[in-house]
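The values are calculated or read from the model by the stated rules, or taken from the named source; none is laboratory data. Since we're looking at a predicted model, the values are computed, not measured. Methodologically, a virtual Cβ is constructed for each residue, glycine included, from the backbone with ideal geometry; neighbour enumeration extends over all protein chains shown.
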Amino acid sequence: MDYDFQFNVIWQNLDLFLWGAWLTIQIAMLATALGLVIGMVMAGLQSLRNPLISGAIQFYIEVIRNTPFLVQLFFVYFGLPSLDIKVPASQAALLALTINIGAYATEIVRAGVESISKGQIEAGRSLGLSGFQIFTFVILKPALMTVYPALTSQFILIMLNSAVISTISAQELAFQAKFLQSRTFRSFEIYLFVTLVYLLLAYLFRAVFSLIARLAFGKVPAN
Amino acid sequence: MRAFDFTEVLIALVRATGWTVVLSLVAFAGGGILGLVLTMMRVSKNRLLQSVSRFYIAFVQGTPLLMQLFLIFFGIPILLGFDVPAFVSASVALIAYAAAYLADIWRGSVEAIPKAQWEAGTSLGLSWLQQFRHVILPQAVKVSIPPTVGFAVQVIKNTSLTSIIGYVELTRQGQILNNVTFQPFVIFAMVGAIYFIVCYPLSLYSQRLEARLTIEAR
């Protein structure tokens, strides 16, 4: 092995990586938030118990869960222009990520809703709580507590998975690596550094999420 | 640009699916062997072995598979001094990836076995390896099958990422066909459908095994 490792390229372009990491965090947060909205709408629609609607939602979930994200991304990114809809790579990527997360979020939200038994709501009513109080303290808070660990894992998975969108040149952390290695040919050093940044981000967010849990629920939910 | 010939496209895609399946099998078999070693290290009594295994699993689970692929793809030529075919890089990366996740799944299965089972082994004068092999493993395997089958779906889906380092499997073939036919919706819907046909039965099977295990546990 007579390879001369040169990490100078990292220190010289630190601002580029920081910018990329910030974009990755933003994308992960935005996609998770939008995915949760989809999840709530889908879970709400499923509770109508209309076989047609429930069937369609089930189909959506199974298709997303049993096909690679990369193919979903290509479907959206290359497919939309053929419908004469021109969107930049970043928006196509966000759309694909959101559709993907929506399927997983639907399952998570459903698990949360199902964890609340009807008796709890009736108990709240018999105690004279208002509708808003029942929703906040009897339904929302316990449901969130139940799904919080799953939500945390999902968020971190999305953050790691979002590296894939660099393939369609959507700007984020992995794309900065791709861009820089094409100019400097220091591929290994750059990817090693970026991999470690992802690892750091994953740990950072795990810590932040458990801190939030401690503040909001007064304890760390079991994972 | 060529005229779109459905049969021609389908045949090319099905052929490429073969390469997806081959890579998945290699990743799963290799990952299974390395994963078993990591599992044994993780549940062993040696602190150092435990830490190495734990660190490895945490590293793989905390970083994107795409970055792992690139590290292997660019790292192997540095280490060996010459380039290797994309299939080799892809296999090494996916084996390393699958091993970490399988080890984590299997660690959970081993830990689900009551500690008294180990102790019973000790009282019978069995060595650690004998206890693991003859007492713990047969029981742990049963618990581990549903999540292991479920993870197989992840492996198959994730082989799609190897298209990025130039391994021609189903997704890469879809891209190539899209470049000559300009029918992205049709091509990628077909690619997605093939993945679905391969993965969905496995997902169902995993769910069914899981349900059966839950009933038995009651």
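At-a-glance table
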| read-out | value |
| --- | --- |
| Selection within the range B:130-169 - of a type in the set (Ser, Thr, Tyr), touching a residue at least 60 places away in the same chain (Cβ under 8 Å) and over 18 Å from A:Asn66 (Cα atoms) | B:Tyr167 |
| Filtered residues of the range A:146-170 (kept if more than 17 Å from A:Thr98 (Cβ to Cβ), within 13 Å of chain B (Cβ to nearest Cβ) and of a type outside the set (Val, Ile, Thr)) | A:Ser153, A:Ser166, A:Ser169 |
| Any hit, the range A:193-214, residues being under 21 Å from B:Ser89 (Cα atoms), assigned to a helix (DSSP H, G or I) and more than 22 Å from the chain's Cα centre (by Cα) | yes |
| Neighbours by Cβ (under 7 Å, 6+ apart or cross-chain): first from the range B:170-191, β-branched (Val, Ile, Thr); second not in a helix (DSSP H, G or I) | B:Thr171/A:Pro68; B:Val180/B:Met1; B:Val180/B:Arg2; B:Thr181/B:Arg2; B:Thr181/B:Phe4 |
| Filter result for B:Glu111 (among the charged types (D, E, K, R), over 17 Å from the mean Cα position of the chain (by Cα) and farther than 24 Å from A:Ile156 by Cβ) | no |
| Residue ID - surrounded by the most Cβ atoms within 10 Å (Cβ to Cβ), chosen from residues in the range B:2-32 that are free of Cβ contacts under 8 Å to residues at least 40 places away in the same chain and among the β-branched types (Val, Ile, Thr) | B:Val22 |
| Segments classed as helices (runs of 4 or more DSSP H), wholly inside the range B:91-200, with at least 2 members that are within 22 Å of B:Val9 (Cα to Cα), within 12 Å of another protein chain (Cβ to nearest Cβ) and of a type in the set (Val, Ile, Thr) | B:170-181 |
| Residue list for the range B:53-90, filter: in contact (Cβ under 8 Å) with a residue 60 or more places away in the chain and away from chain A (no Cβ under 12 Å) | B:Ala86, B:Phe87, B:Ser89, B:Ala90 |
| So A:Ala143, is it in a helix (DSSP H, G or I), more than 11 Å from every other protein chain (Cβ to nearest Cβ) and among the small types (Gly, Ala, Ser) | yes |
| Some residue of the range B:205-215 being part of a helix (DSSP H, G or I), more than 8 Å from every other protein chain (Cβ to nearest Cβ), surrounded by 13 or more Cβ atoms within 10 Å (Cβ to Cβ) and of a type in the set (Val, Ile, Thr) | no |
| Top-ranked residue in the range A:77-91 [being facing chain B (nearest Cβ under 9 Å) and surrounded by 14 or more Cβ atoms within 10 Å (Cβ to Cβ); ranked as nearest to A:Ile158 (Cα to Cα)] | A:Tyr77 |
| Unmet requirement for B:Leu137, which otherwise passes all of (1) under 18 Å from the mean Cα position of the chain (by Cα); (2) under 27 Å from B:Pro201 (Cα atoms); (3) surrounded by 14 or more Cβ atoms within 10 Å (Cβ to Cβ) | (1) |
| Residue that is among the hydrophobic types (A, V, I, L, M, F, W, C), over 24 Å from B:Ile156 (Cα atoms) and assigned to a helix (DSSP H, G or I), where the choices are A:Val164, A:Val76, A:Val109 | A:Val109 |
| Unique match (being at negative phi, more than 21 Å from the chain's Cα centre (by Cα) and modelled with pLDDT of 95 or more) among B:Leu66, B:Leu80, B:Leu94, B:Leu49 | B:Leu49 |
| B:Val191 being under 27 Å from A:Ala163 (Cα atoms), touching a Gly at 6+ places or on another chain (Cβ under 7 Å) and of a type in the set (A, V, I, L, M) | yes |
| Residue within the range B:167-175 that is of a type in the set (Asp, Glu) and within 22 Å of B:Gln61 (Cβ to Cβ) present | no |
